[in-house]
Amino acid sequence: MILKGSQRGGALDLADHLLRTDENEHVEVHRLRGFAAQDLVGALNETYAVSRGTRCKQFMFSVIFNPPPSEEVKTEDFEAAIECVEKRFGLSEQPCAVVFHEKEGRRHAHAVWSRIDTEQMKAVQLSYFKNKLQSISRELFLEHGWTMPRGFVNSAERDPKNFTLDEWQHSKRIGKDPRQIKAAIQDAWAISDSRAAFEHALRERGYRLARGDSAAFVAVDYNGEAFAIARSLPKGIKTKQVRQRLGDETDLPSVSEVQKQIANDMLGTMRRLQAEFDRQNDTTRIEIERRKSAMIVRQSAERRKLAETQEQSQAEESQTRQARLRRGFKGLWDRLSGRHRRTCEMNEREADAARDRDQRQKDALIQAHLSQRRKLQNLIDQSSKRQSELRREVEAGVSRYIKLKENPAPDRTDRKGQLGRARTVRRRPRRRGSAHEIDM
């Protein structure tokens, strides 16, 4: 079910559009909730009247619920989808109008909510509503088992052979959630109608189709783990239906054969990542050296400038102090009266204070430079640590795929599609007679 939403004003225009019978063969006002008015025009006018108490111009949130043309969708399915949107956007308590349109044998629904929270008199925030609606739409396609449009394929699920070094590290860090694995397999199933299309869709998501030991069809991820196809699909899809679409599994490669193929492919990928790591390491090292050199040049210039400023100040202040000592007859009188001695003592105190001041300025600049250098050193240490961790991860990946190539892991999917023990334990037949009868 494709969902398209918009925040808008224009209550009368929207009401006129929803009630148009010249463009629609049937129009049904299915529900008016939270309005005093009993008709659609009056209800949407109420949303406008309430919005006048706020500064909100787009006081309505309108969503179109458009199911696949070939599917028969019940009213309760529309209502469930509308309720899902309400819960996801916090609109469950907001007034809502639902209108059904039918034309050319297709039925779709319009839901319109008032965005104005009357208790707080402000609009409900609908951040990233387009992305959220697309996510809900994908969930509805998977839930009902409908064929998903190509544009809804989740681009987050990618073939790991195309990872960059950052993407590889991110995938190793977050791991994979079982729900993501199931969603990826369901996505591939929903957009495919044959084995070739299904295999292609699985590859786009980083999986390979293989023949399992316990399960007929399995998907093998880039780590060599196998997951049963039938158990990962929506409820109601049986193994028989899977075999009808995918055909006979006997001509598929086994899990161990696929693991060897994956190991060969991923070894090339890991070597590419190693080369990318070396390039990044060189680039990082050059950038750090550049920043360190630039810092040294800048700090040296700042220290020279301070020294020059202080020298100039010292010269000017020395001239000022020297000018206080009078010459000639006045100077002789100053020596006799003791004024010359007092002036010299004052000049010495001022000179000492000036030297202390200049030293404090110099120390403050040095401490600021040391602080800057420590910050850069912290970045250098962090970068070195990240590079070491990444190098270990890449080397571990190379080692893992070499081992997988030489010794493929056994198929560990049990009949429930879950990871179990590598060795299958066969049950013994129930004893119903004597030991001799069983041997016979």
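Data table
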{"item": "At R0 = 45 Å, FRET efficiency that the Cβ-Cβ distance of Leu332 and Thr309 yields, to 0.05", "result": "0.75"}
{"item": "Calculated FRET value between His30 and Arg8, using beta carbons and R₀ = 22 Å, to 0.05", "result": "0.65"}
{"item": "Rg and Dmax [Cα atoms of the chain; Å; Rg one decimal, Dmax integer]", "result": "38.6, 145"}
{"item": "Under 19 Å from the Cα of Lys405 - lysines, other chains or at least 8 residues apart", "result": "Lys161, Lys260"}
{"item": "Sorted largest first, extent of the range 224-274 alpha carbons per principal axis (Å)", "result": "45, 24, 15"}
{"item": "Pair Glu71, Asn407: separation of 7 Å Cα→Cβ label points (nm)", "result": "4.7 nm"}
{"item": "Candidates Arg115, Arg52, Arg243, ranked by Gaussian network fluctuation over the chain, Cα under 10 Å, top entry", "result": "Arg52"}
{"item": "Net charge over other residues, Cβ less than 13 angstrom from the Cβ of Asn24 (K, R count +1; D, E count -1)", "result": "-3"}
{"item": "Residue among Glu119, Glu46, Glu83 with the largest mean-square fluctuation in a Gaussian network model of the chain, springs linking Cα atoms under 10 Å", "result": "Glu119"}
{"item": "For Ala294, net neighbour charge (Lys/Arg +1, Asp/Glu -1) across residues whose Cβ lies under 13 Å away", "result": "+2"}
{"item": "Total lysine pairs under 26 Å (Cα atoms) in the range 1-148, excluding pairs fewer than 8 apart on one chain", "result": "21"}
{"item": "FRET efficiency, Asp352 to Ala301 (Cβ-Cβ, R0 35 Å, nearest 0.05)", "result": "0.75"}
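Since every read-out is calculated from the coordinates, none of them should be taken as a lab result. Please read all numbers here as calculations on a predicted model, not as lab measurements. Neighbour counts are summed over all protein chains in view; Cβ atoms, including those assigned to glycine, are modelled from backbone coordinates with ideal geometry.
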